[in-house]
Every structure is written in structure tokens, then in C-alpha cells.
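The values are calculated or read from the model by the stated rules, or taken from the named source; none is laboratory data. As the structure is a prediction and not an experimental result, all values here were calculated from the model. Positions of Cβ are generated from backbone atoms using ideal geometry, with glycine treated the same way; all protein chains shown enter the neighbour counts. Calculation scope for accessible area: heavy atoms of the full protein, side chains included, ligands and nucleic acids excluded. Shrake-Rupley method; radii C 1.70, N 1.55, O 1.52, S 1.80 Å.
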Amino acid sequence: DLLGNWEGYYVRGIRIPQNQNRKIRIELHPKHGWWGGCSRCGCTGCDYHDRTTRIVRDLPVFGQAVELRVVLRRVVCPVCGPSRESISWLDPYARVTTRMAETVCRMAEIMTVKEVAKTFLLAWHTVKNIHKRYLKHLLEPVDLNGVTQLLIDEFAIQKGHRYATVVVDALRKRVLWVGRGRSRASIRPFFELLGDQRRHIKAVALDMSSAYINEIAEQCPQAQVIFDHFHVIARYGREVIDRVRVDVANRYRHDPVQRKLVKGSRWLLLRNPSNISRPKDQQKLDELLEVNKELSLVYIMKEHLNHLWRFDDHIAARAWWHQWYRMALESNIDALIKFARNLSIHVEGLLAHTRYRLNTGVLEGMNNKIKVIKRVAYGFRDDEYF
């Protein structure tokens, strides 16, 4: 009894099989004079109702699984009616002891479900359900009180351009919600969960996704949308630098040396100058920009656009934007002109960083953590568990 620490119960019988693959069976009966009371309200002045036997798993001993045959009593509570007797080491309806469930959950934080199941000689689904119940108890319901600033981004949840959306509390840096998809309908359940708290949202930092922008405008019209620096520059790289680089490479199709130089320069053009440490990379970039005016111009314009996020003063930032926009329109580069005109539609979101110093850098780190969890587990079949 002391070894098992089954409070209120004594060992009536034990069977240790010769075969190592079979379970050790221990029969537990309530101690004479011990009374646990009602498991719902804790009342101890209850009368006996009936009893039943439940098979419960406990921690393995010396590499062998342990199976408990526990005699459970039901009581007649004057408040709750018939209910199970309260047992400190066994939760209601549980098929494993509390200590085994706690140990399984600790191991599930650092191991895959498959490995935990193998270690504790349990079924895969049993481990998953134990851990899922633990997470629901630990994390739900999500506290949305006091949320005023949000970060929203997406990450790839499966191959084939299948995405999920993550919403984070920008001030407390905690995940509030994750949902499959990146459309307006996909993120609407979060705002429904937010309820009346929506009117307290002051700022939302995100990429330039029209679905997110439109849904926020409908759900939180008072919120200031802030376009994240990283996503704007990344979009500039895709839509302007990559487009110009490909067009220039196509013009050099009869000059293999120059074509190879241009085609192999993508990451040099997208990298910040301060991150170019090797002399040969800097020499290659200088040579490329010297021989091609279009690539040189879009590269310089990228650095000028980068400078926009260094302003703390709203008026100075707006003046810098108008200067950059005018230069873009006068560049005679179609990809740059198109990008500048699209950006001008959302100019208030670009300049909002002077009022709210928000960016999705924290969220990108969380997304990396999410991807690692997914990769370690070799994917999840249950979205709620994920």
C-alpha cells in the first residue's frame, strides 16, 4: 500500500506473470472505514449507493506494464445525487492514474507521442488523448481580457500551399488563436470569439494580405492596420527585384557570362548591405550594379524604402514616402511603378509604425517554433490537438 500510494485503498491481491510481455495485475479494495465523499461537491456526509470494478493503468514497474483492478464506490449525495466517490489519485472516468497521466504529459513535451506510448507501454491514441486533455485544461479558455494590439501572420501547415493563421497578443506575446486557412472566413471565428472585446483593439500588425485587411476593417473599424517592415521588403524583393533580374537575364541570353552573373545574384540583391561580409560577395555585387542600371536603381530604391521604418516622426516619414514614390514613378521601370502604386493605396498602414512600434518579428519566431513542433511530431492528424 505504501509503495503504491493508493490513498484509501489496500492491495487485496497481486499477480506477477512469468511472461514479461504480460501485465502485472493488482487488485485494490477500499479500506475499511475510509470514505472519500462526493467527487462533484466534496460532501462527506453521503450514503453508500453501489460499487463497480474499473481496470486502470499505472506506471510500469521494472519494464512491465501495471494494471489495477479498482473497486469503485458510488455515493448518494443530497446535492448532486448519485456520483462516484472522490479518489485523490484517479480522476473521474480516467483509465490511467493521475501520476501516470502527469508523467505522460511531461514526457510528451519533449518526445513524440509514438515514443511516449512505447516507453509507457500504452496505445498511441491513449497517450494523445491524455496529453490533449491536459493541454485543454491548461490553456482553455483563452483569456482575451485586456487585448488591445494584435499580430497576425500565416504559416504553411501542409504541403501544397495549405496555410494556417496565427493571432498573437502583441503586448503579452502569447498565442491567442490558430485556425486553418488564410481567407476572411478562416479568421472570422477569432473575431467571433473576441466578441465585444473587438472594440478595444487599437492596432493590428500584419502583411499586406487583402483578406486580413478587409476582415479587420469590418470587424474592428477603429483599429489601425500596420504593415510589417519584413513583409513589405520581402514583397518588394519578389515583385520588383526578381522581376527586373529575370528581365535583365533574358536580355543577356546571347552573353552566357553576363547571364550567369545576373541569374546567380538573387540572394545578393535581396540581402541587406550590412549582412554582406565576404569581400568576394561585395565585389560581385558592385560589379553587377555597375554594369546594369536597372538592377542598380531597384537595389538603391529598396534601401531607400528600408529607411522609411527608421523614422519616429510621422511628418518626416510621410515626406520621405512622397519622395520615394515620386522617384519610383519617374524610374521608367514597370515592375517598380506597379509596386509603388499598389503600395500607395495602403500608405497609412506603412506610416502607422511611427505611432505603434509593432512588427511581426516575435510572431515569425513563434511560427518557427510551431514548424519545429510539427516537424518533430511528423505532422498532426488532429487540428485541435495541434
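Please determine, by comparing only the residues of segment 245-265 that are open to solvent by less than 50 Å² (accessible area, probe 1.4 Å) and assigned to a helix (DSSP H, G or I), which one is nearest to Phe230 (Cα to Cα).
Arg245
What single numbered condition from (1) in contact with a strand residue (DSSP E or B) (Cβ under 7 Å, 6 or more places away or on another chain); (2) open to solvent by 30 Å² or more (accessible area, probe 1.4 Å) fails to hold for His314?
Unmet condition: (1).
Between a residue in segment 122-145 that is within 18 Å of Val178 (Cα to Cα) and any residue that is among the aromatic types (Phe, Trp, Tyr) and at pLDDT below 90, which pairs come within a Cβ distance under 7 Å, given they are 6 or more apart or on different chains?
Pairs that qualify, where the first residue is within 18 Å of Val178 (Cα to Cα) and the partner is among the aromatic types (Phe, Trp, Tyr) and at pLDDT below 90, are Lys132/Tyr385.
Do the conditions hold for Arg357, that is, is it loosely packed, with under 15 Cβ neighbours inside 10 Å, in a loop (DSSP other than H, G, I, E, B), out of contact with any helix residue (DSSP H, G or I) (no Cβ under 8 Å at 6 or more places or on another chain) and free of Cβ contacts under 8 Å to residues at least 60 places away in the same chain?
Judged against the criteria, Arg357 is a match.
Within segment 298-308, can you find the residues that are crowded, with 18+ Cβ neighbours inside 10 Å and more than 15 Å from Tyr325 (Cβ to Cβ)? Talk me through it step by step, then tell me what you get.
To start, the set of residues in segment 298-308 that are crowded, with 18+ Cβ neighbours inside 10 Å comprises 298-299, 301-302, 305, 308.
Across segment 298-308, the qualifying residue is only Tyr299.
Just to be sure I understand, how many residues within segment 41-58 are within 18 Å of Thr97 (Cα to Cα), of a type outside the set (Val, Ile, Thr) and either open to solvent by 50 Å² or more (accessible area, probe 1.4 Å) or in contact with a Gly (Cβ under 8 Å, 6 or more places away or on another chain) (or both)?
Going through segment 41-58 one residue at a time, the tally reaches 1.
Among the listed residues Ala319, Ala352, which satisfies the condition of being small (Gly, Ala, Ser), in a helix (DSSP H, G or I) and farther than 16 Å from Val225 by Cα?
Ala319
What number of residues within segment 266-284 are within 26 Å of Leu329 (Cβ to Cβ) and open to solvent by less than 20 Å² (accessible area, probe 1.4 Å)?
1
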